Amino acid sequence: MESIQFYLPVRIVFGRDCVLQQAPGLFREQGQKALIVTGRFSAKKNGALDDVEQVLKQNQQTYVLFDQVESNPSMDCVYEGAALARQVQADFIIAIGGGSPMDAAKAIALLACQDIPKAQLFTQQPRGKTLPLICIPTTAGTGSEVTQYSVLTNDAQKTKTSLAAPCLFPQAALLDGKYMMRLPRTATIHTALDAFSHLVESALSKSASVWSKKLALKGIKMLQPYLSRLDASEWSLEDRDALLQTSLLGGVVIAQTSTTAVHLMGYPLTYFHHIDHGRANALLLCAYLEKVEKHEPASIQEILDALQLENLSQLNSIMDRLLGPKETISLEEAKQFASAAIQSPKSQSGIISLTQEDIENIYCRSFHLAFQRP
Ligand code: NAP
Ligand code: FE
């Protein structure tokens with residue numbers, strides 16, 4: 001019998017107005033002063049910040065706003081947030097936003113409690129005390145509200161790097177699709193495709209267990225009715241809730257297995273070409289699946305069954321339509337990115353092992369580059 005481990009120490013609350021209804025008790029348990037970590041604009045417009053402020057005021061708790069988190073948060077941003085948390089003596093952190101504010105908040109929660117020099121942030125395994133963190137996602141993509149990962153821009157290595165440690169798990173996640181009603185069309189597509197990548201990569205991970213795989217396939221089934229119409233202009237509240245649930249499941253499963261080569265290969269696309277995170281994964285996903293299919297056709301068939309598709313070329317057509325015109329990268333870049341990717345253990349975390357040439361090939365197929373063998 002297969003031995004199974006499943007660890008997810010996050011209280012998950014999902015439902016309409018859950019911030020107004022459940023957060024009063026949750027916030028009170030964490031202390032007197034909150035640091036709210038968020039992006040520059042969206043939380044002020046989508047109602048999430050209003051709800052959080054209302055609860056904190058009603059609880060007579062004090063708070064300070066750090067609304068400087070940019071997409072793909074930098075080291076400077078998280079050190080600045082941590083300095084503020086220390087200066088105001090915050091007892092806990094509330095993150096509102098997409099993956100960027102939630103990931104930044106995890107690093108801030110760590111750095112507020114521990115002196116870690118910038119040069120050691122990516123080399124030292126995080127452990128020990130952090131500030132308690134409550135996450136309120138406002139995109140349906142990353143699942144960061146339930147993961148132990150904080151993905152930050154790593155300028156020294158010219159890529160994005162994950163801090164990964166149990167101490168980075170949030171205490172609680174509060175999820176309500178109402179905050180996503182005005183999420184723009186492109187952000188809806190790209191973030192949902194990030195969730196799709198999490199589910200697919202986790203299902204095809206070497207570390208998948210029977211449970212994580214069942215959940216991943218369940219998430220793919222839940223996404224199926226929406227996948228081909230992610231570019232719709234009208235979204236009901238129920239649709240937003242459904243997308244948020246698939247993204248939550250994506251987070252739950254990558255918290256068990258981590259992501260794989262697709263995410264690894266997507267990071268330089270974001271770093272060098274400023275391609276949105278979810279889009280970067282989606283651009284690479286079909287070529288990766290074609291490679292896996294050659295060695296493990298049954299695993300790809302399970303994913304196709306969950307999507308009610310007959311073959312990968314049907315999935316490719318859906319993805320091509322959703323992604324629209326593709327960015328260009330050069331053959332030289334494909335080679336450089338592949339030579340960096342093969343150094344990472346993540347390149348081997350899927351059910352098939354990849355060579356540097358395989359990775360180069362996936363970039364080339366994804367961007368229609370002529371691949372010249374040496
Ligand atoms: P994001 O970078 O958090 O946000 C993208 C944009 O969407 C921002 O301009 C943001 O505006 C806006 N936005 C957010 N919520 C909105 C809403 N409800 N309505 C309108 N606009 C809204 O994007 P993301 O895709 O959610 O997160 C990507 C990041 O997460 C990447 O850094 C990626 O590496 C990371 N990630 C982490 C994990 C993990 O497990 N930790 C997994 C996957 C990805 P504002 O800036 O004004 O808020
Ligand atoms: Fe992701």
Filter pass, Val200 being of a type in the set (Val, Ile, Thr), out of contact with any Lys or Arg (no Cβ under 6 Å at 6 or more places or on another chain), farther than 19 Å from Gly97 by Cα and away from ligand 2 (no atom under 16 Å from the Cβ): no
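Residue by residue, here is whether (1) surrounded by 15 or more Cβ atoms within 10 Å (Cβ to Cβ); (2) not in a helix (DSSP H, G or I) holds:
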{"position": "Val19", "(1), (2)": "yes, no"}
{"position": "Gln22", "(1), (2)": "yes, no"}
{"position": "Leu26", "(1), (2)": "yes, no"}
{"position": "Ala34", "(1), (2)": "yes, yes"}
{"position": "Val37", "(1), (2)": "yes, yes"}
{"position": "Lys44", "(1), (2)": "yes, no"}
{"position": "Asp51", "(1), (2)": "yes, no"}
{"position": "Lys57", "(1), (2)": "no, no"}
{"position": "Gln60", "(1), (2)": "no, yes"}
Output for region 233-248, where each listed residue is within 13 Å of ligand 1 (Cβ to nearest atom) and surrounded by 20 or more Cβ atoms within 10 Å (Cβ to Cβ): Trp235, Leu243, Leu244, Ser247, Leu248
Determine if region 234-251 includes at least one residue that is outside the structural domain of Ala165 (by TED's automatic domain parsing), under 26 Å from Pro9 (Cα atoms) and of a type in the set (Asp, Glu). yes
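One line per residue, one yes/no per condition, for (1) within 16 Å of ligand 1 (Cβ to nearest atom); (2) in a loop (DSSP other than H, G, I, E, B):
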{"position": "Ala282", "(1), (2)": "yes, no"}
{"position": "Leu285", "(1), (2)": "yes, no"}
{"position": "Lys291", "(1), (2)": "no, no"}
{"position": "Ser299", "(1), (2)": "no, no"}
{"position": "Ile318", "(1), (2)": "no, no"}
{"position": "Leu322", "(1), (2)": "yes, no"}
{"position": "Ile329", "(1), (2)": "no, yes"}
Limited to region 346-365, what total is found for residues that are of a type outside the set (D, E, K, R) and either crowded, with 21+ Cβ neighbours inside 10 Å or in contact with a Phe, Trp or Tyr (Cβ under 8 Å, 6 or more places away or on another chain) (or both)? 9
Determine whether region 296-313 contains at least one residue that is within 22 Å of the chain's Cα centre (by Cα) and within 15 Å of ligand 2 (Cβ to nearest atom). no
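Table: residues versus (1) within 14 Å of ligand 2 (Cβ to nearest atom); (2) touching a Cys at 6+ places or on another chain (Cβ under 8 Å); (3) assigned by TED's automatic domain parsing to the domain that holds Tyr267; (4) more than 25 Å from Gln89 (Cβ to Cβ).
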| position | (1), (2), (3), (4) |
| --- | --- |
| Ile134 | no, no, no, no |
| Thr142 | yes, no, no, yes |
| Tyr149 | yes, no, no, yes |
| Thr153 | no, no, no, yes |
| Lys160 | yes, no, no, yes |
| Ala164 | yes, no, no, yes |
| Leu168 | no, no, no, no |
| Asp176 | no, yes, no, yes |
Residue among Ala104, Ala90 that alone is under 23 Å from Val19 (Cα atoms), in contact (Cβ under 8 Å) with a residue 24 or more places away in the chain and within 16 Å of ligand 2 (Cβ to nearest atom): Ala104
Before we move on, is Tyr271 within 11 Å of ligand 1 (Cβ to nearest atom), at pLDDT 95 or above, in the same structural domain as Asp194 (by TED's automatic domain parsing) and surrounded by fewer than 20 Cβ atoms within 10 Å (Cβ to Cβ)? yes
Criterion (of a type in the set (Val, Ile, Thr), within 14 Å of ligand 1 (Cβ to nearest atom) and in contact (Cβ under 8 Å) with a residue 24 or more places away in the chain) met by exactly one of Val253, Val210: Val253
Answer yes if at least one residue in region 332-345 is among the charged types (D, E, K, R), at pLDDT 95 or above and surrounded by fewer than 17 Cβ atoms within 10 Å (Cβ to Cβ), and no otherwise. yes
Report yes if Ser100 is outside any strand (DSSP E or B), within 12 Å of the chain's Cα centre (by Cα), near ligand 1 (Cβ under 9 Å from one of its atoms) and of a type outside the set (D, E, K, R), otherwise no. yes
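The values are calculated or read from the model by the stated rules, or taken from the named source; none is laboratory data. A quick note: this is a predicted structure, and the numbers were derived from the prediction, not measured. Backbone-built Cβ (ideal geometry, glycine too); neighbour counts: all protein chains shown.
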